[in-house]
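Contents: one structure, followed by commentary.
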Amino acid sequence: MAEPYKIKMVEPIAVTTREHREKALKKAGYNTFLLDSQDVYIDLLTDSGTNAMSDNQWAGLMLGDEAYAGSRNFEHLQKAVRELYGFKHVVPTHQGRGAENILSQIMIKPGDYVPGNMYFTTTRAHQELNGAIFRDIIIDEAHDSQSEHPFKGNIDLEKLRALIDEVGAERIPYICLAVTVNLAGGQPVALNNIKAVYQLAREHKIKIMMDATRCVENACFIKQREKGYEEKTIKEIVREMFSFADGCTMSGKKDGLVNIGGFLALNDDDLYQKATSLVVVYEGMPSYGGMTGRDMEALARGMYESMDYNFITHRLAQIEYLGDKLDAAGIPIVKPVGGHAIFLDAREFYPQIPQDEFPAQMLAAQLYLQSGVRSMERGIVSAGRDQRGNHYYPKLELVRLTIPRRVYTYAHLDVVANAVIDLYKTRDQVKGLRFVYEPPVLRFFTARFEPLP
Ligand code: F0G
């Protein structure tokens, strides 16, 4: 499918030499997060805040009502959340983790358990900072990079039941249900699974809080893969997904099609009251939270645009295109390909590098060196350490090639595919890395490494 938009404004990108990239990588401590963007050719670090806004969104920026209280753009955002997601209350935050902070504080008591369909870094960090113990209840297939299950983001109901039996429903304030699951490879959750989780949760009076960050991608997969949803619109499917939740945290920087912003949405009036008393401490007035009026306008407009069938099918088609090229060349990737990225399986790519010598971190570094393409480690470095200070050893040791929305063309994706294929040919000679600096939390952002001799 060709792009369902035309290009009205362009931004030149850096074409660099290998020598230049060698210096840049050393300066960045072999961490692609620490590279300057001016040294990057094709930037697949993340799809977060890197989206191209439409002319309609840019026009909306000019209509920002920057009143300290009661901005009309807040009303527009509220209308979008109510109409598209179906939640009663919305608390704007500066981005997704601002919403996670508030949600975790108003719902978690020390010693509680928060089950989730795999973890996300900032989400789990906020849960743990508030004294919760995270439990992964995703289906086993999600941890197997070669399983072709169409809904690898699904929750395993037996694991959820077992946790309820073990700790008691009163120690589970909510289930954190992410649609899609980023670290499993952008994998979707089926509507019939969402419904079943909802039923079980209701029986035990446990709330469901969704991570709505990539909910439109999830809805498109449901339309493509789940029986009975072929004829439904994306908007209808999104609404149905959220009808089984008590609220959500949202990073607008992904499916909201903006560069900054997010929100917490809730149905319960008391919880909303609690959230507003915290948002004034951490973000701002409840009617703007962490956002300007113009940013709320762009997000409201982006949310409507994201429901467009052509937009979202083209997006998924781009990811599939890159996945097919790599797969055809025998490159080990997570399958089926997910909604926002291709994930290279670094264990298979570099079987000679043990996990605690950071094969995925090294693969991301090598890809940059080879081609100027920036990607991201999603393996042991991202997983961090447990409370006793030992590494978590995730089964998935991945490099994420994340595709920003409406930014790159198929020709860019060809460059990426060729670079990965070239690297694969010389994979035997590569060794691992060791830490030079390791920060105590969310270490992947700012850690520094050096190659092992
Ligand atoms: N939830 C999910 C599933 C995410 O992917 C992210 C961010 C967040 C929450 C936090 O939102 O960044 O707005 O504070 N993911 C980015 C990424 C950083 O690159 O995957 P945020």
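Just so it is clear, none of the values below were taken in a lab; they were calculated from the coordinates. Just so we're clear, the structure is a prediction, and the values are computed from it rather than from any experiment. Glycine gets a Cβ as well: all are built from the backbone with ideal geometry, and neighbour counts include every protein chain shown.
One table, with the values for the structure above:
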| item | result |
| --- | --- |
| Computed over region 249-397: relative contact order in percent, which uses C-alpha pairs under 8 Å that are six or more apart | 13 percent |
| Residues Glu450 and Glu170, FRET efficiency given R0 of 41 Å [Cβ-Cβ distance, rounded to 0.05] | 0.25 |
| For region 144-149, Karplus couplings with θ = phi - 60° (6.51, -1.76, 1.60), whole Hz, Gly/Pro x | 10, 5, 9, 6, 9, 3 |
| Projected label distance in nm at Leu442 and Glu19, using a 7 Å step from Cα toward the beta-carbon | 3.8 nm |
| Calculated Rg and Dmax of region 1-151 using C-alpha coordinates, Å | 21.1, 55 |
| Order of Asp136, Asp165, Asp156, Asp422 - criterion: other Cβ atoms within 10 Å of each residue's Cβ, fewest first | Asp165, Asp422, Asp136, Asp156 |
| Protection-proxy order for peptides 86-95, 318-327, 6-15, each taking the mean of Cβ atoms within 10 Å per residue, highest first | 86-95, 318-327, 6-15 |
| Extension gain from Ser243 to Lys79, taking 0.36 nm per residue of separation minus the Cα-Cα distance | 57.4 nm |
| Rel. contact order, % - alpha carbon contacts under 8 angstrom, at least six apart, region 55-306 | 32 percent |
| Residue-by-residue Karplus 3J(HN,Hα) for region 250-259, coefficients 6.51, -1.76, 1.60, Hz, glycine and proline x | 9, 9, x, 6, 10, 5, x, 6, 10, 9 |
| Rounded FRET efficiency, nearest 0.05, which uses the C-beta distance separating Val407 from Glu236 and R0 of 35 Å | 0.80 |
| Fraction of the pair-distance distribution of region 304-434 above 18 Å, Cα-Cα pairs, percent | 54 percent |
| Spin-label model distance (nm) - Asp308 vs Ala67, 7 Å beyond Cα toward Cβ | 3.1 nm |
| Span-rule helices in the chain, defined as complete DSSP H runs reaching 30 Å or more along the axis (Cα) with Kyte mean at least -1.0 | none |
| Most to least packed among 427-435, 251-259 [average Cβ atoms within 10 Å] | 251-259, 427-435 |
| For His94, residues with placed amide H under 5 Å, excluding near neighbours | Gly290 |
| Sequence-distant lysines (8 or more away, or on other chains) whose Cα lies within less than 19 Å of Lys325 | Lys335, Lys425 |
| Equivalent ellipsoid dimensions for region 55-306 as semi-axes, Å, which come from the Cα gyration tensor, largest first | 29, 22, 15 |
| Efficiency of FRET from Cβ geometry, Lys88 and Ala196, R₀ 22 Å, rounded to 0.05 | 0.35 |
| Of every Cα-Cα pair in the chain, the percent that sits beyond 28 Å | 49 percent |
| Full-extension gain in nm, Ala59 to His143, via 0.36 nm per residue minus C-alpha separation | 25.9 nm |
| Burial order of peptide ranges 50-61, 215-226 (average beta-carbon count within 10 Å, highest first) | 215-226, 50-61 |
| Rg(Cα)/(2.2 N^0.38 Å) for region 207-332, N = residue count | 1.25 |
